[in-house]
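Note sheet for the following structure.
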Amino acid sequence: MEKKVVVCGGRPLKGRVRVSGAKNAALAILCGSILAGEKIIIENVPNISDVQHIIQVITYLGARPSWRREDLLSVAVPALEVREAPYELVKKLRASNLLLGPMLARCGEVRIPLPGGCNIGARPMDLHFKGLSALGAQLNLEKGCVWARARRLRGAQVYLDYPSVGATENIMMAACLAEGQTLIENAAKEPEVVDLANFLNGLGARIFGAGTDVIRIEGVKELARPVHYGVIPDRVEAGTFMVAAVATCGEVQIDGVIPRHIQPLTAKLREMGAQITEGEDTLYVQCRQELRPVNVKTMPYPGFPTDMQSQVMARLSAIPGTSVIVENIYENRFQVASELRRMGARIKVEGRVAIVEGVPRLFGAQVRAPDLRAGAALVIAGLMAEGETEISRAELIYRGYKDFEKKLAGLGANVISGADTEPVFAFGEKSDTNRRNIPTHRE
Ligand code: EPZ
């Protein structure tokens, strides 16, 4: 059901917040869990809607995941009864495409509806298919589905034209049980790829070089170790709170992070003028001075993360001066710009380049979340803006952020969410009015 969030601006965020497990690591690891020959335990799994969806899909295929406590899952895979993931489930979650590799490795066949594009880009799978075919799989596309079969996977050398995260993960999972050695060259180096490799090695796989350009996988007969594995913290959630702290000139300590994983953002926020102190597993973010406009170019890890681009755009839109953002990863990831313009931002988009002319302040308005990260960016904009901002399609935010409002409220933010059907009232000193008074800055 559609949800709305109302954000009242004007208060600096102060206090401490602990990040949850990484959505994009947990999704890959849960797909990889179908390779497990024994019951396994996975800790620090964020109970968010994307994870709930992938749990539905692997359960449908025959896995038996169950929550032991809020963030701890046990998964047994007695047998894979079904070789086909249903469209109704797959269409909700693009990451279902990460089942291709493990299903081929475990049972030699799988039929998955192609998870079409999404609103940030076409999201093709040609590199996934190139790698899996190199390992000996036959892949046929028909009626919007990919049929993949392989009597026996054999190790191969695969060069990725682009360091695709998903393609690296799919090929790695398939290669675990292939005969012989596989080399993935120009592999993705994201921390979530490394986390998946560490999880698979815990099951008994032999993966070397994850996190570098070349990953080597020595195929084994089975993965039968009963691993107890902890998912890494979510660097994008951490980054989102860092930007929110800077956006409200607050002082926030973020706990349970791996600072190295979010270093590209830390460097960029320091360039803007924020003060950031790194601890072993904490980041302390302060903003005590006028911020400067900066230029941002998204790149594969360890470059600036595309998943933080919308959030930084929101912050830059209220920093006087010109900032230039180049989105090199996705062809359509500037949709938040039109929503920020409704709040008074001045942003000009030309293809993959956005020119942000910072304004003195944003104003609350009724806006709509175009996608997960853009939704988080609009919450940040609402925290900065004068007045109340009502964000519809807020359910998209819950796909990737566990207890988002609760964590923000814990830092002093005035955020309230409600279902679309109820009149939603916001808290906060200025908002004894109901939401019908929210100014709408329609052009
Ligand atoms: C993962 O998506 C993440 N999702 C994305 O996070 C993230 O933005 C992306 O990596 C980049 O870091 C998950 O891990 C579930 P890619 P993925 O394959 O694997 C092109 C979020 O908000 N490409 O590296 O799909 C593709 O079109 C989400 O949490 C091909 O051309 O990313 C895109 O332009 C959004 N052919 C670029 O590579 C292929 O076969 C990046 O895709 C595959 C990809």
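The values are calculated or read from the model by the stated rules, or taken from the named source; none is laboratory data. Predicted model only: the values in this text are computed from it and were never measured. Positions of Cβ are generated from backbone atoms using ideal geometry, with glycine treated the same way; all protein chains shown enter the neighbour counts. Keep in mind that these areas ignore ligands, DNA and RNA; they rest on the heavy atoms of the full protein, side chains included. Shrake-Rupley method; radii C 1.70, N 1.55, O 1.52, S 1.80 Å.
Here are a few things to note about the model shown:
- Dipole of the chain, positive direction: furthest Cα of Q335, P293, S66, with charges on the beta-carbon: Q335
- Accessible area per residue was computed with a 1.4 Å probe on protein heavy atoms; R346 scores about 140 Å².
- Each DSSP beta bridge with both residues in the chain is either parallel or antiparallel, and the antiparallel ones are about 75%.
- Seen through its C-alpha gyration tensor, with square-root eigenvalues sorted a ≥ b ≥ c, the range 316-402 comes out oblate because a/c lies at 1.5 or above while a/b is not bigger than b/c.
- Protection proxy ranking, peptides 397-403, 136-142, 375-381, 91-97, average beta carbon neighbours within 10 Å, highest first: 375-381, 397-403, 91-97, 136-142
- Cα gyration tensor shape for the range 23-219, rounded if a/c is under 1.5, else prolate or oblate: rounded
- Ranking I380, P86, V19 by Cα position along the charge dipole of the chain, where only Lys, Arg, Asp and Glu carry charges on their C-beta atoms, puts P86 farthest toward the positive end.
- Expressed as a whole percent, the accessible area of the chain that falls on carbon and sulfur atoms is 49 (1.4 Å probe).
- Note on L141 and A409: the model spin-label points, each 7 Å out from Cα along the C-beta direction, lie 4.6 nm apart.
- When the convex hull of its Cα atoms is projected in every direction, mean area for the chain (nm²): 19.8 nm²
- Summary of packing: across the peptides 11-22, 349-360, the per-residue average of other C-beta atoms within 10 Å ranks them, highest first, as 11-22, 349-360.
- Dipole magnitude for the chain: computed about the Cα centre from +1 point charges on Lys and Arg Cβ and -1 point charges on Asp and Glu Cβ, it is near 280 debye.
- Lys, Arg +1 and Asp, Glu -1 on Cβ, resulting dipole of the range 198-331 about Cα centre, debye, nearest 20: 220 debye
- Computed about its Cα centre, the charge dipole of the range 23-219 is approximately 460 debye, with only Lys, Arg, Asp and Glu carrying charge at their Cβ.
- Which listed pairs, of K297/K402; K189/K348; K189/K268; K23/K406; K143/K221, have C-alpha distances above 25 Å, in listed order: K297/K402; K189/K348; K143/K221
- Theoretical gain in end-to-end length, Q286 to I355 [0.36 nm per residue, Cα-Cα removed]: 22.2 nm
- Accessible area per residue was computed with a 1.4 Å probe on protein heavy atoms; D126 scores about 90 Å².
- Three-way shape call for the range 33-145 based on the alpha-carbon gyration tensor, with the a/c threshold at 1.5: oblate
- Spin-label model, E179/M299: points 7 Å from Cα along the beta carbon direction are separated by 4.2 nm.
- In the assembled protein chains, E331 presents an accessible area of approximately 90 Å² (probe radius 1.4 Å).
- Once both labels are positioned 7 Å from their Cα atoms along Cα-to-Cβ, the gap between V324 and A79 label points is 6.2 nm.
- Annotation: peptides 213-221, 169-177, ranked by per-residue average of other Cβ atoms within 10 Å with the highest first, follow the order 169-177, 213-221.
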